[in-house]
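The structure appears below as structure tokens.
The values are calculated or read from the model by the stated rules, or taken from the named source; none is laboratory data. Keep in mind the model is a prediction, meaning the values are calculated, not measured. Every residue, glycine among them, receives a Cβ derived from its backbone with ideal geometry; neighbour counts consider all protein chains shown. These area figures cover heavy atoms from the full protein model, side chains too; ligands, DNA and RNA do not enter into them. Shrake-Rupley method; radii C 1.70, N 1.55, O 1.52, S 1.80 Å.
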Amino acid sequence: MIQYQPHDVIREDRPDGSIHLRAKAPLGEVAARTTDWLDHWAEATPDAVFLAERDGAGWREISYAEAQRQARGIAAGLLERGITQPILILTGNSVAHALLALGAQYVGVPFVPLAEQYALIPDARKQIDFAVSLIGPGAVFVEDAETLAEVLARDSLRDLSVITALDLPAMSGPSIDAAHAAVGPDSVAKILMTSGSTSNPKGVLTTHRMMCTNQAQIAACLPFLCARPPVLVDWLPWNHVFGGSHNFNLVLANGGALYIDGGKPVPALIGKTIENNRLKQGTISFNVPVGFAALRDAMKDDAKFAQAFFEDLDMLFYAGASLPQDVWTDLEAMAREVRGEMPLFTSSWGLTETAPAAILQHEPTDRSGVVGVPLPGVDVKLVPADDRYEVRVKGPSIFKSYLGDADRTAEAFDADGYFRTGDAMRFVEDGDPNQGLRFDGRISEDFKLMTGIWVRAAALRLELLSALKGVAQDVVLTGEEQSEIGVLIVPAPGLRDGAVEDRGALIVDAAPLAPLAEFTGGSAARITRALVLADPPSMAEGEITAKGNLNFAKLKTRRAALVARLYDDADPALIRVGET
């Protein structure tokens, strides 16, 4: 039976209408630096596997002792080369990336992991230029300088010291002990860029205290992590806080093993993820909903794969969006068939600024969409916002400032020092905070129709995606300064069959979009018109964030002509919902 800490929440209702929540459980011991974990496990379990990546038909594995030796060598090399300013990392997850990051943390040199797509997609490289202008890095790391020679020749990068994967094994220099001793809880370990979904990305100064506190919080709620070192086969990108701070440090803090999955839950790479999970079974599976759906589909056709996947699993953990209930139900049925019980199936909530986990569902539940209760040491303030609450947080795992942006830092906190997240929550059960909270969208995504009716865009979008499963890859809701809700559809391949392009829109067979007619409730949830996009969203133009999410505001701005066509009843590409 998986060990977990039962929910035990203190609720306080304040005169101003806000509700304050905190956990009764104590936080426990917090490491001073992330590298203290590496030193501990290098001594306690020197030969245990820490990092691994694919090498031909198998894995190249690195032990804790070897990782410590190489990280310290890299740290000494950075001092020898006089690199003290932040290091920009332009390549994705790899052993070399991990060792460089650990070496930098050893001697207090911040690192800045950027989405690898920024380097690989020529039109997206201006995002690198913006990051350089904000951060002022002292060096740039790439796996292979020859492959990215064109990127390194950009004006913003050409004067920086270049570090490659081939440099790392040879790096050495003076003793690092003094520099290492100077690194403390409030030293900046890394700078993470926010997604920039509503404005230019911000640089979140992420300290050792933030990340070390977060792992102590998680361990207090999930004691099975300490009882058995976790094994992960994980693709989640390290430029994002969940993959790079939550998952990477979860392994490191608990003496586990991280098998780096070079796949992703996209058509071209999902096969690699499935192959990697066949080759190595983890004790925890982290994924986004579409990734779990792909694994489910593969296991439906392969009982041996399902047996291997579930037999040693402690936890399944979804993030990024609510998991469709049918995926939950199917995975639960498979798990019970293999082992007679369900592993802990859960989720949490947090942001780049919260290191990331601030709220966690750490006891079993039978439904998707619940994000849980505050972690120990996190104070949650729920501020009424009509029929739901804006969530604000305070505690040692919460950031203190954005890099070089005092104005936006000041705007981010309320008068009591709580970080204004902009996310909305509801109680699962109004009278029982221990049942947890349910995420209810971004308040900034909501909009008001001309009639004065508010549209809960995030929740409605999820309902639409469920109804249009297999037809739409994503949807963008419109209706600001209009009297009706419209939807721009990013089509799945099948919807394109037989379509005719008309000035950036597709004239399609409307029959597959018939489920839109089911949205016939009040004006806040009634879809009356739709248009199918001919061109996919562009990361280069900012329509897709580094996390892979749609930037709704940017897309509607860039495609304002298409938004206007949604409300032109004579437009040939317009689909009037419910009309034949």
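Taking every protein chain into account, the 1.4 Å probe leaves residue 202 with about 40 Å² of accessible area, to the nearest ten. For the range 426-475, the Cβ-based charge dipole about the Cα centre amounts to some 220 debye (Lys, Arg positive; Asp, Glu negative; other atoms uncharged).
Counting other Cβ atoms within 10 Å, which trypsin sites (Lys or Arg not before Pro) in the range 21-111 have at most 13 and lie in a DSSP loop? Please list the in-between numbers first.
On the way: sites: 22, 24, 33, 54, 60, 69, 72, 81; in loops: 24, 33, 81.
Sites meeting the loop and neighbour criteria: 24.
Extension gain, residue 561 to residue 181, is 131.0 nm, computed as 0.36 nm per intervening residue step minus the present C-alpha separation. The residues of the chain have, on average, 40 Å² of accessible surface per residue, using a 1.4 Å probe with all protein chains present.
Nearest 500 deg cm²/dmol is fine: what mean residue ellipticity at 222 nm does the chain get from its DSSP H runs of n ≥ 4 alone, each adding -39,500 (n - 2.57), divided by its residue count?
Values: 19 runs with 169 residues, N = 580.
Counting only the DSSP helices, I get -8000 deg cm²/dmol.
For the chain, the carbon plus sulfur part of the accessible surface works out to 50%, probe radius 1.4 Å.
Under the Kirkwood approximation applied to all pairs of distinct alpha-carbon atoms, what is the hydrodynamic radius of the chain in Å?
Final number for the Kirkwood radius of the chain is 25.1 Å.
Among the protein heavy atoms, those of residue 218 account for about 0 Å² of accessible surface (1.4 Å probe, every chain in place). To the nearest µm²/s, what D does Stokes-Einstein give for the range 379-531 at 25 °C and 0.890 mPa s, using the Kirkwood radius over alpha carbon pairs as Rh? Value of D from the Cα-based Kirkwood radius: 135 µm²/s.
Panel values: the range 167-271, Kirkwood radius from alpha carbon pairs, Stokes-Einstein at 20 °C and 1.002 mPa s, translational diffusion coefficient 131 µm²/s. For residue 502, nonlocal amide neighbours, meaning residues 5 or more places apart or on other chains whose placed amide H falls under 5 Å from its own, are 507.
The simple Förster model, with R0 at 41 Å and r as the Cβ-Cβ distance, assigns residue 496 and residue 279 a FRET efficiency of 0.75. By the equivalent-ellipsoid construction on the alpha carbon gyration tensor, the range 70-125 comes out with semi-axes of 23, 12, 8 Å, ordered largest to smallest.
Residues whose amide H lies under 5 Å from that of residue 205, counting only those 5 or more places away or on a different chain, are 401, 403; hydrogens are built 1.01 Å from N in the peptide plane. As an equivalent ellipsoid, the range 270-322 spans semi-axes of 17, 13, 10 angstrom, where each value is the square root of five times an eigenvalue of the C-alpha gyration tensor, largest first. DSSP assigns beta bridges within the chain; of those with both partners inside it, close to 65 percent run antiparallel. Solvent exposure of residue 186, expressed as accessible area, is near 110 Å², computed with a probe of 1.4 Å over the protein chains only. On the beta carbon distance between residue 469 and residue 19, with R0 = 35 Å, the FRET formula returns roughly 0.50.
Here, P(r) means the percent of Cα pairs in each 5 Å bin from 0 to the largest distance; for the range 1-96 it is 2, 9, 11, 13, 14, 12, 10, 9, 8, 7, 4, 1, 0.
Here the contact order of the chain, divided by its residue count and restricted to Cα pairs under 8 Å and six or more residues apart, works out to 13 percent.
Filter the trypsin sites (Lys or Arg not before Pro) in the range 406-513 to those in DSSP coil with at most 11 other Cβ atoms within 10 Å of their Cβ, and list the result. Don't skip to the answer; put the middle values down first.
Details: sites: 408, 420, 426, 438, 442, 448, 456, 461, 469, 496, 503; in loops: 456, 469, 503.
In loop regions of the range 406-513 (DSSP not H, G, I, E or B), the sparsely surrounded trypsin sites (Lys or Arg not before Pro) are 503.
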